[in-house]
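In what follows, a structure is listed as structure tokens, so that the remarks can point back to it.
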Amino acid sequence: MSLIKSISGIRGTIGGRAGDALTPVDLVKFSAAYAEWLKQQAPKERRLKVVVGRDARISGEMVQRIVCGTLMACGVDVVYIGLATTPTTELAVVFEQADGGIILTASHNPAQWNALKLLNSRGEFLDADDGRVLLQLAEQNACAFAEADWLGGLTENTGYTKRHIEAVLNYPLVDVEAIYKAGFKVVVDAVNSVGGVAIPSLLAALGVEAVPLFCEPTGRFAHNPEPLPGHLRELSAKVVEEQAQAGIAVDPDVDRLALVCEDGTMFGEEYTLVAVADYILSHRAGNTVSNLSSSRALRDVTEQYGGRYFASAVGEVNVVGEMKRVQAVVGGEGNGGVIVPDFHYGRDALIGVALFLSHLAHRQTPCSQLRDSYPRYFTSKNKVELTLQTDLNALLEQMKTVYASRRITDIDGVRIDFDSEKKWVHLRKSNTEPIIRIYAEAPTEAQAEALAAEVVGLLKS
């Protein structure tokens, strides 16, 4: 059993003993702490309102009932929006002018997991400082529950997926007419979660023929729910069988978007953001942001349009913070997470799908040729397991000394850029295990593997 308490939310496996997993006791504890944190942000004696949405995983209804009931017990009014994607819930917070929101999803984690993802009044994830305060409140059992006359109310509004889709259709850079004229046929793998509701509905509104694959929102995932190439073989085969123009895969809460080309090959999750950024930058000049572990290809494309690329620490909240600082026109993460700031500051596969299809319709080229038009890089992902006695921070400092002649970024672990060779390596320590994770990227697979092996050898020695 597992329970992971972090500034970004509370994740755990369902079942087991309180404190060791995500049990009803833990759900009450952290929901109440969130209510107390909200009360500290708001004027005294004002009713608070929180939006709650969930993905389709099998523990969702149980978790939702406990979370909504706890918020009501704390005197908070709840707007329950039912099965809804993470970006839909984020938008619903803004539409409702709510004080916050909770998304009940463990994202790409397997079916036995669930989680509370916590939002502020802007529909954005809590930052590090707010997250630390909330965890302290939870450990202190600081929440005082409301008396009978002050209990919160519950309303249900399941119309927010439709509102989300309408907002996508109305976004200025989504070219609905061009997509209609293109006559696309697309296969959709929604891993039997809420994407099976949202993505086909969006495609229908765009005039795209959607071929569903694992689109029943049963929560019983047909394969590993992380949209990685090894988990999408059935999608690839279906795209070829159906002679579709593309395949779309999303994770259970639909904030990550992976694409498959017409020939069944992977577009590459790193290149989802690159392609969408290419389209946006072709219409508006500006800067871009991704995290330190994301592909250099975004930097290359950004500079082709005269913009500046900036890197942030890993984590959506860090990407968003940097995007605001540099007034980026698009950003995200190399896991297929696209953030379009004048739409909303959250990873959103729905706006990603619409912008990608607009791009494909304008280019009038097969998906595989679009992919091949971008600078190609290869990534090697590794990890080094060390002893509990190893000082990981000292080890990272030693790496900075070894590569002192290279460009070093240390806002999140250590990233070493070999700019003249267009390659880099990023080292990050785990917060829970004596492990250093190593991501290396280079223009060829052999170069990426060699760079990773070099760094792994140094760490082990």
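The values are calculated or read from the model by the stated rules, or taken from the named source; none is laboratory data. It should be emphasised that the depicted structure is a prediction, and the values quoted were computed from it without experimental measurement. Reconstructed Cβ throughout: ideal geometry from the backbone, glycine too, with neighbour counts over all protein chains shown.
Looking at region 9-38, which of the residues that are of a type outside the set (A, V, I, L, M, F, W, C) and surrounded by fewer than 18 Cβ atoms within 10 Å (Cβ to Cβ) is nearest to THR70 (Cα to Cα)?
PRO24
Could you check region 56-71 and list, in sequence order, the residues that are surrounded by 19 or more Cβ atoms within 10 Å (Cβ to Cβ) and aliphatic (A, V, I, L, M)?
Hits for region 56-71 are ALA56, VAL63, VAL67, LEU71.
Please indicate, with yes or no, whether at least one residue in region 189-211 is in a loop (DSSP other than H, G, I, E, B), crowded, with 21+ Cβ neighbours inside 10 Å and small (Gly, Ala, Ser).
Yes, some residue in region 189-211 is in a loop (DSSP other than H, G, I, E, B), crowded, with 21+ Cβ neighbours inside 10 Å and small (Gly, Ala, Ser).
Based on what the data block shows, is GLU96 surrounded by fewer than 22 Cβ atoms within 10 Å (Cβ to Cβ) and closer than 28 Å to PRO217 by Cα?
Numbers: surrounded by fewer than 22 Cβ atoms within 10 Å (Cβ to Cβ): yes; closer than 28 Å to PRO217 by Cα: yes.
Answer is yes for this residue.
On the given criteria, is ILE411 surrounded by 15 or more Cβ atoms within 10 Å (Cβ to Cβ) and either assigned to a loop (DSSP other than H, G, I, E, B) or without any contact (Cβ under 8 Å) to a residue 60 or more places away in the chain (or both)?
Values: surrounded by 15 or more Cβ atoms within 10 Å (Cβ to Cβ): no; either assigned to a loop (DSSP other than H, G, I, E, B) or without any contact (Cβ under 8 Å) to a residue 60 or more places away in the chain (or both): yes.
No: the conditions fail for ILE411.
Check whether at least one residue in region 331-338 is surrounded by 24 or more Cβ atoms within 10 Å (Cβ to Cβ), at positive phi, assigned to a loop (DSSP other than H, G, I, E, B) and touching a strand residue (DSSP E or B) at 6+ places or on another chain (Cβ under 6 Å), and report yes or no.
The answer is yes; a qualifying residue exists.
Kindly provide the set of residues from region 414-437 that are basic (Lys, Arg), within 22 Å of SER6 (Cα to Cα) and in contact (Cβ under 8 Å) with a residue 40 or more places away in the chain, ordered by number.
ARG428, ARG437
Go through (1) in contact with a strand residue (DSSP E or B) (Cβ under 6 Å, 6 or more places away or on another chain); (2) in a helix (DSSP H, G or I) for LYS39 and report which single condition fails.
The one condition LYS39 does not meet is (1).
Which ranges mark the strands (runs of 3 or more DSSP E) fully within region 221-328 that have 2 or more residues being on the phi > 0 side of the Ramachandran plot and touching a residue at least 40 places away in the same chain (Cβ under 8 Å)?
Here the list is empty.
Would you check if there is a residue in region 30-45 being within 21 Å of ALA198 (Cβ to Cβ) and acidic (Asp, Glu)?
No, region 30-45 has no match at all.
Report the residue count in region 414-447 for those that are in a helix (DSSP H, G or I) and in contact with a Lys or Arg (Cβ under 8 Å, 6 or more places away or on another chain).
2
Mind checking which residues of region 197-224 are closer than 17 Å to HIS108 by Cα and either in contact with an Asp or Glu (Cβ under 6 Å, 6 or more places away or on another chain) or not assigned by TED's automatic domain parsing to the domain that holds LYS185 (or both)?
PHE214 - this is the single residue of region 197-224 that is closer than 17 Å to HIS108 by Cα and either in contact with an Asp or Glu (Cβ under 6 Å, 6 or more places away or on another chain) or not assigned by TED's automatic domain parsing to the domain that holds LYS185 (or both).
Can you tell me which residues in region 46-78 are under 23 Å from the mean Cα position of the chain (by Cα) and either free of Cβ contacts under 8 Å to residues at least 40 places away in the same chain or part of a strand (DSSP E or B) (or both)?
VAL50, VAL51, VAL52, GLY53, ARG54, GLU61, listed by residue number.
Among the listed residues PHE184, PHE125, PHE214, identify the single one that is buried (at least 19 other Cβ atoms within 10 Å of the Cβ), more than 27 Å from HIS359 (Cβ to Cβ) and at pLDDT 95 or above.
PHE125
Report, by residue number, each residue of region 257-281 that is surrounded by 24 or more Cβ atoms within 10 Å (Cβ to Cβ) and among the aliphatic types (A, V, I, L, M).
Matches in region 257-281: LEU257, ALA258, LEU259, VAL260, LEU273, VAL274, ALA275, VAL276, ALA277.
Within the bounds of region 438-451, is there any residue that is without any contact (Cβ under 8 Å) to a residue 40 or more places away in the chain and farther than 19 Å from ALA311 by Cα?
Scanning region 438-451 turns up at least one residue that is without any contact (Cβ under 8 Å) to a residue 40 or more places away in the chain and farther than 19 Å from ALA311 by Cα.
Show the residue pairs meeting these rules: Cβ distance below 9 Å; 6+ apart or different chains; first residue within region 196-215 and under 18 Å from GLU166 (Cα atoms) and free of Cβ contacts under 8 Å to residues at least 60 places away in the same chain; second residue outside any loop (DSSP other than H, G, I, E, B) and among the aromatic types (Phe, Trp, Tyr).
Close Cβ pairs (under 9 Å, with a partner that is outside any loop (DSSP other than H, G, I, E, B) and among the aromatic types (Phe, Trp, Tyr)) amount to GLY207/TYR180.
Among what's in region 314-330 and is surrounded by fewer than 24 Cβ atoms within 10 Å (Cβ to Cβ) and in contact with a helix residue (DSSP H, G or I) (Cβ under 8 Å, 6 or more places away or on another chain), pick the residue that is farthest from LEU91 (Cα to Cα).
For region 314-330, the residue satisfying everything is VAL329.
Can you tell me which residue within region 439-461, out of those that are of a type outside the set (Lys, Arg) and within 20 Å of GLN389 (Cβ to Cβ), is surrounded by the fewest Cβ atoms within 10 Å (Cβ to Cβ)?
Let us first name the residues in region 439-461 that are of a type outside the set (Lys, Arg), namely 439-459, 461.
Add one more test, that the residue is within 20 Å of GLN389 (Cβ to Cβ), and what stays is 456, 458-459, 461.
On the way: VAL456: 19, LEU458: 14, LEU459: 20, SER461: 5.
Here the answer is SER461.
Could you run through region 339-369 and say how many residues are among the basic types (Lys, Arg), closer than 11 Å to LEU257 by Cβ and in a helix (DSSP H, G or I)?
Qualifying residue count for the region: 0.
Please determine whether any residue of region 423-438 is at pLDDT 95 or above, touching an Asp or Glu at 6+ places or on another chain (Cβ under 8 Å) and surrounded by fewer than 20 Cβ atoms within 10 Å (Cβ to Cβ).
No, that holds for no residue.
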